Amino acid sequence: MLQQDSNDDIEDVSLFDAEEETTDRPKKSRIRHPVASFFHLFFRVSAIVVYLLCELFSSSFIACMVTIILLLSCDFWAVKNVTGRLMVGLRWWNHIDEDGKSHWVFESRKASSQESKTVSEAESRIFWLGLIACPVLWVIFAFSALFSFRMKWLAVVIMGVVLQGANLYGYIRCKVGSRKNLTSIATSYLGKQFLRQHFQCF
């Protein structure tokens with residue numbers, strides 16, 4: 001069902017499902033896994049809402065911190081182990097071999113497999129929107145806490161950045177391939193932007 005390689009090499013597929021669609025396969029906009037889609041957003045959005053509003057409803061920093069960390073931990077587990085596999089056919093994980101060496105494995109469902117047809121475009125958009133937008137918000141919160149000298153909240157915000165950023169990195173690796181591919185994609189994108197700006201000057 002899933003293609004895996006302990007050397008971190010996986011099938012190179014497009015980041016957006018719209019590029020994977022063929023002419024003989026209609027777009028799939030129906031949400032096939034509503035429970036997974038709900039919990040994909042529920043825990044991460046709840047952590048952000050609690051962070052923004054907890055001081056209005058509670059004077060206990062410890063209670064707010066524990067609530068946020070629990071929501072972030074539930075989100076990390078759900079996204080890493082459940083929603084990524086169901087919504088976009090991707091999974092990343094780590095295992096330790098008999099020699100004690102750690103191996104990161106990034107898996108991607110084959111585009112030609114029958115199960116890839118169950119991937120919904122609507123679910124894919126929900127997945128990637130939640131996966132990208134929430135870590136960006138936590139980075140903004142980190143700078144805000146740092147510049148406003150709210151040091152007691154900085155550890156909580158860094159936890160949000162680390163947990164949600166790890167899932168984002170893992171799934172991007174699953175989707176676009178190895179670190180070498182990421183570097184080449186970034187280099188190609190920057191080169192295109194430079195050429196576009198250069199030719200606009202003429």
Discussion item. What's the number of the only condition in (1) farther than 16 Å from His40 by Cα; (2) surrounded by fewer than 16 Cβ atoms within 10 Å (Cβ to Cβ); (3) under 17 Å from the mean Cα position of the chain (by Cα); (4) of a type outside the set (A, V, I, L, M, F, W, C) that Ser73 fails to meet?
Written reply: (1)
Fill in: Residues satisfying the stated conditions in region 121-157, i.e. of a type in the set (Val, Ile, Thr), open to solvent by less than 60 Å² (accessible area, probe 1.4 Å) and closer than 21 Å to Ser37 by Cβ
Ile126
Worksheet item: Which residues, counting only those in region 94-153, are aliphatic (A, V, I, L, M), modelled with pLDDT under 80 and within 16 Å of Thr83 (Cβ to Cβ)?
Response: Val119
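The values are calculated or read from the model by the stated rules, or taken from the named source; none is laboratory data. A quick note: this is a predicted structure, and the numbers were derived from the prediction, not measured. Quick reminder, even Gly has a Cβ in these numbers, built from the backbone with ideal geometry, and neighbours come from all protein chains shown. Heads up: the accessible areas ignore ligands, DNA and RNA and are worked out on the full protein's heavy atoms, side chains in. Shrake-Rupley method; radii C 1.70, N 1.55, O 1.52, S 1.80 Å.
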